[in-house]
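S.K.: My structure is below; once you've seen it, I'll send some questions.
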Amino acid sequence: MLLYLHGFRSIGLCYKGTIIRDFSPHSLTPNLPYVPDLAIEFIQSLIEKYQKQYKICLIGSSLGGYYATFLAEKYHLKAILVNPVIDGYKTLLPAVGRIHIPYNNQTFLWTIDLALSLKQYYVETITPSLYYVMLQKEDKVLNYKNAVEKFRDSKMLLQEGGSHRFENFQDQKDSILQWADEY
């Protein structure tokens, strides 16, 4: 089962979520709460609900990659990280204010307290064998070099060009399904 964790200003059936849904009939692409504690609780409830029935592989994009790192370590799950946030509490502090989600035209209020609450989910030391990290160098939102450093001993795809969205994500179907199947 592929469990997709979307980014900060996104929803489950965004660009990557829609593609992931097509990758496998056993894919979950939920809309995550914008409050980090609620998002983590919700994802944990899904993991605990399905882990006895399915082999779960997390796919986390941007902030979803930050959450996936925390949860991969907690539950010892494989994870695919797509242009992941490395230090969410620092990265998202400047975003404080009213946030617009372009996919559904909704907004939410992102506060300093919410940004700082991300610190509790920071993973200092990772288990490199759990991760497949997919990065594109022309990501204008996050510096890909931070992920290269943190996940230097993990499986990695580092592409020239691209964007934060990860251009041509659909071309990664075979490598994603192969990684999700290798346990």
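Read the figures in this text as sums done on the coordinates, not as results from a lab. Bear in mind that the values here come from a model prediction, so they are computed numbers and not experimental data. Methodologically, a virtual Cβ is constructed for each residue, glycine included, from the backbone with ideal geometry; neighbour enumeration extends over all protein chains shown.
S.K.: In segment 38-183, what is the volume of the convex hull around the alpha carbon atoms, normalised per residue and reported in Å³?
M.R.: Details: hull volume 18.2 nm³, N = 146.
Output value, Cα hull per residue: 124 Å³.
S.K.: Another question, then. I'd like the projected area of segment 1-78, averaged over all directions, using the convex hull of its alpha carbons. Report it in nm² with one decimal.
M.R.: Mean orientational projected area (segment 1-78, Cα hull): 4.5 nm².
S.K.: Below 8 Å between Cα atoms, with a sequence gap of 6+, how large is the relative contact order for segment 2-110 in percent? Mind dumping the intermediate values first?
M.R.: On the way: 177 pairs, mean separation 29.4, N = 109.
Taking the mean separation of contacting Cα pairs over the length of segment 2-110, I get 27 percent.
S.K.: Across 5 Å bins from 0, what is the distribution of all Cα-Cα pair distances for segment 35-80, in whole percents?
M.R.: Histogramming segment 35-80 at 5 Å steps yields 6, 23, 35, 26, 9, 1 percent.
S.K.: Follow-up. Only Cα pairs under 8 Å and at least 6 apart count here; give the relative contact order of segment 50-118 as a rounded whole percent. It would help to have the intermediate numbers written out before the result.
M.R.: Details: 93 pairs, mean separation 17.1, N = 69.
Once divided by the residue count of segment 50-118, the mean separation gives 25 percent.
S.K.: Express as a percent, rounded to the nearest 5, the fraction of DSSP beta bridges in the chain (both residues included) that run antiparallel. Intermediate values should be presented prior to the final figure.
M.R.: On the way: 5 of 25 bridges.
Antiparallel: roughly 20 percent of the beta bridges in the chain.
S.K.: If you don't mind, there's one more thing I want to ask. If I model segment 19-59 as equal point scatterers sitting on the Cα atoms and use the Debye formula, what is log10 I(q)/I(0) at q = 0.31, 0.35 Å⁻¹?
M.R.: -1.13, -1.20
S.K.: In Å, the Kirkwood hydrodynamic radius of segment 107-183 over pairs of distinct alpha carbons?
M.R.: Numbers: mean 1/r = 0.0685 Å⁻¹.
With all distinct Cα pairs of segment 107-183 included, I get 14.6 Å.
S.K.: May I pose another question? What is the calculated FRET efficiency for Gln53 to Tyr15, with r their C-beta to C-beta distance and R₀ = 22 Å, to the nearest 0.05?
M.R.: Details: r = 28 Å, r/R0 = 1.28.
Efficiency for this residue pair is about 0.20.
S.K.: In addition: Can you give the extra length, in nm with one decimal, that the chain gains between Lys90 and Asp113 once fully stretched, where that is 0.36 nm per residue apart less the Cα-Cα distance?
M.R.: Values: separation 23, 0.36 × 23 = 8.28 nm, distance 1.20 nm.
Net length gain for the segment: 7.1 nm.
S.K.: Here's a follow-up. Given an 8 Å cut-off on Cα distances and at least 6 residues of separation, report the relative contact order of the chain as a percent. Don't skip to the answer; put the middle values down first.
M.R.: Working: 339 pairs, mean separation 37.8, N = 183.
Answer for the chain is 21 percent.
S.K.: Ok, one more. Enumerate the amide H contacts of Ile59 below 5 Å, restricted to partners 5 or more residues apart or on another chain; note that Pro and chain-start residues carry no placed amide H.
M.R.: Leu3, Tyr4, Leu5, Ile80
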